[in-house]
Amino acid sequence: MTKIAALIVAAGRGTRAGGEMPKQWQRLGTAPTALRVIDHAISAFRPHVARIVVVHHADDFDLAQSLENVTLVSGGATRSASVKAGLEALSGQDFDRVLIHDAARALIPTEVIEGVLTALETHEGAAPALMVTDALWLGASSQNAAETGILVEGTRDRSGLYRAQTPQGFVFDAILTAHRAFQGEAADDVEVARAHGLAVAITEGSEENFKITHPGDFARADAVLRQRQQEKAAMEIRPDIRLGNGYDVHRFGEGDHVWLCGVKLPHGRSLQGHSDADVGMHALTDAIYGALARGDIGQHFPPSDPQWKGAESHIFLRHAIGLAREMGYEMMNCDVTLVCERPKVGPHAASMRAALADIMGVDVEKVSVKATTSERLGFTGREEGIASLATAALIKS
């Protein structure tokens with residue numbers, strides 16, 4: 001199993017952001033329980049990594065002490081030196097991959113992290129970015145003493161240009177070696193990696209993954225947080241409804257009755273199968289498994305297993321509805337359609353509904369059973385067997 005660490009760089013001073021303390025230690029939002037910028041960044045990585053290292057400024061040691069379940073490392077004079085210090089703290093611990101992230105990018109979406117990790121399965125390095133879409137100008141100071149400010153000197157082609165983001169992920173040993181060999185200061189870790197010859201894949205970035213740099217960025221971050229909270233609240237009140245479909249067929253053979261939806265009907269032939277061949281109940285059972293994304297009858301009750309030879313189908317249906325309840329779902333309604341010329345289902349439909357409802361422990365009004373023919377076409381039309389289709393709708397209780 002791949003062992004992954006996250007290294008969060010929080011050693012900068014962040015003076016452009018304003019405030020009484022560096023931006024990474026300021027809170028997002030005005031509530032007393034509002035998390036700090038760095039708290040949000042750390043939370044984003046917890047589900048994905050085995051260890052989190054926070055590289056902090058020496059002057060921020062007291063602030064860093066409040067962080068839980070992280071390894072603290074004092075940073076260096078430059079960003080590159082701080083990253084190297086964090087990597088050295090992780091060396092010798094058998095980490096396979098490392099994600100290096102700017103603490104000021106507090107609102108990194110999960111899919112951005114997952115995109116980098118996926119790319120690292122086949123690349124030495126990977127980093128998120130967004131394509132440059134704005135026009136690019138080259139500015140220069142005016143040579144005219146009467147003029148002030150910066151003037152446009154020219155334009156630049158934006159084709160193939162990207163706005164870099166973090167986390168920038170790497171094979172651990174490769175980026176550690178690259179940082180040990182690198183001299184000077186780099187804009188980011190991709191620059192260090194490329195200087196050492198590492199191939200770095202570009203993955204999908206996000207506009208929400210912006211770096212808090214200026215005072216106005218806090219308001220922007222607050223707005224993103226509010227939007228996320230509203231979406232989460234909407235999801236919590238939106239019902240979780242699952243739909244599943246089932247289909248089954250059994251051929252006729254020798255016998256004097258058929259089982260259909262839990263009811264025994266006299267007939268000149270019987271349906272053949274490993275169990276009692278209740279084609280309607282099998283279709284409904286598969287519909288429930290399908291709604292739960294838990295396979296089909298064959299996976300739970302393999303026909304190769306002799307213990308299920310001649311088994312009554314209510315065993316399967318009870319298992320399916322029981323599994324649904326274990327997963328927190330209840331039956332909203334179900335519908336079974338039997339396709340056959342004979343026996344005639346109509347006179348027995350009410351009994352079938354009652355039987356299925358009793359097995360599942362639901363109100364009979366939630367169960368529908370009906371029949372149709374294939375107008376004498378196909379194997380059902382030739383009375384070679386019976387087919388059944390079923391739909392089950394489940395809701396999270």
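The values are calculated or read from the model by the stated rules, or taken from the named source; none is laboratory data. Here the structure is a predicted model, which means the values were calculated and not measured. Here the Cβ is made from the backbone with ideal geometry for all residues, glycine too, and neighbour counts use every protein chain on show.
Observations on the model:
- Test for residue 152: is it without any contact (Cβ under 8 Å) to a residue 24 or more places away in the chain and of a type in the set (A, V, I, L, M, F, W, C): yes
- Qualifying residue in region 314-330 (condition: assigned to a strand (DSSP E or B) and surrounded by 15 or more Cβ atoms within 10 Å (Cβ to Cβ)): yes
- In the set (1) surrounded by 14 or more Cβ atoms within 10 Å (Cβ to Cβ); (2) closer than 20 Å to residue 387 by Cα, the condition left unmet by residue 272 is number (1).
- Failed item in (1) at pLDDT 95 or above; (2) in a loop (DSSP other than H, G, I, E, B); (3) in contact with a Gly (Cβ under 9 Å, 6 or more places away or on another chain), with residue 207 passing the rest: (3)
- Of the residues 67, 107, 87, 72, the single one that is assigned by TED's automatic domain parsing to the domain that holds residue 175, within 30 Å of the chain's Cα centre (by Cα) and either closer than 15 Å to residue 3 by Cβ or polar (S, T, N, Q) (or both) is 87.
- Some residue of region 240-262 being among the basic types (Lys, Arg) and free of Cβ contacts under 8 Å to residues at least 60 places away in the same chain: no
- Restricting 266, 302, 239, 306 to residues that are surrounded by fewer than 21 Cβ atoms within 10 Å (Cβ to Cβ), at pLDDT 90 or above and more than 17 Å from residue 337 (Cα to Cα) narrows the list to 266.
- Qualifying residue in region 335-358 (condition: of a type in the set (Val, Ile, Thr) and part of a helix (DSSP H, G or I)): no
- Screening region 1-115 for strands (runs of 3 or more DSSP E) wholly inside it with 1 or more residues that are touching a His at 6+ places or on another chain (Cβ under 8 Å) returns the ranges 4-10, 71-74, 97-102.
- Residue count, region 222-269 (criterion: assigned to a loop (DSSP other than H, G, I, E, B) and either aromatic (Phe, Trp, Tyr) or out of contact with any His (no Cβ under 8 Å at 6 or more places or on another chain) (or both)): 7
- One residue from 312, 383, 365, 330 being of a type in the set (Asp, Glu) and under 18 Å from residue 263 (Cβ atoms): 312
- Which listed residue is modelled with pLDDT under 95 and small (Gly, Ala, Ser), from 77, 129: 77
- Within region 138-148, none of the residues are touching a residue at least 12 places away in the same chain (Cβ under 8 Å), assigned to a loop (DSSP other than H, G, I, E, B) and surrounded by fewer than 22 Cβ atoms within 10 Å (Cβ to Cβ).
- The test for being under 33 Å from the mean Cα position of the chain (by Cα) and surrounded by 14 or more Cβ atoms within 10 Å (Cβ to Cβ) does not hold for residue 186.
- Any hit, region 157-174, residues being on the phi > 0 side of the Ramachandran plot and either at pLDDT below 95 or not acidic (Asp, Glu) (or both): yes
- Meets criteria (more than 28 Å from residue 110 (Cα to Cα) and part of a loop (DSSP other than H, G, I, E, B)) for residue 160: no
- Qualifying residue in region 368-377 (condition: in a strand (DSSP E or B) and at pLDDT below 95): no
- Pairs where the first residue, in region 349-366, is more than 19 Å from residue 282 (Cβ to Cβ) and the second is acidic (Asp, Glu), C-beta under 7 Å, 6+ apart: none
- Of the residues making up region 155-183, those that are surrounded by 10 or more Cβ atoms within 10 Å (Cβ to Cβ) and without any contact (Cβ under 8 Å) to a residue 60 or more places away in the chain number 12.
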